[in-house]
Amino acid sequence: MFVGMDFGTTNSAVGLVDGAGNARIVSHSRPDGAAETIRSMLAFDRAHRDDEGKLAPLVGHDAIAA
């Protein structure tokens, strides 16, 4: 499995290629439905923690909303 990432100025995307050479773009959940790109935004909020209490990043639209 190979992974390719495009960190664009406005949008980012992740592509996968399996051992047989089949390629696909990873789908991301967004407020308006699934999409092949996600907004290039990352934020950290001290109040946003994972199940273990560790600081967890906000990504894409969640980061923009924060």
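Here are a few things to note about the model shown:
- Of residues in the stretch 31-66 being modelled with pLDDT under 90, outside any loop (DSSP other than H, G, I, E, B) and touching a helix residue (DSSP H, G or I) at 6+ places or on another chain (Cβ under 9 Å), the one farthest from M5 (Cα to Cα): R39
- Pairs with Cβ under 7 Å, 6+ apart, first in the stretch 42-66 and farther than 17 Å from A13 by Cβ, second of a type in the set (D, E) and in a loop (DSSP other than H, G, I, E, B): A56/D50
- Of all residues making up the stretch 3-30, the number that are on the phi > 0 side of the Ramachandran plot and at pLDDT below 90: 0
- Restricting attention to the stretch 26-43, the residues that are hydrophobic (A, V, I, L, M, F, W, C) and farther than 9 Å from A63 by Cβ add up to 4.
- Taken over the stretch 1-30, the criterion of being part of a loop (DSSP other than H, G, I, E, B) and surrounded by 10 or more Cβ atoms within 10 Å (Cβ to Cβ) is satisfied by G8, D18, V26, S27.
The values are calculated or read from the model by the stated rules, or taken from the named source; none is laboratory data. Here the structure is a predicted model, which means the values were calculated and not measured. Quick reminder, even Gly has a Cβ in these numbers, built from the backbone with ideal geometry, and neighbours come from all protein chains shown.
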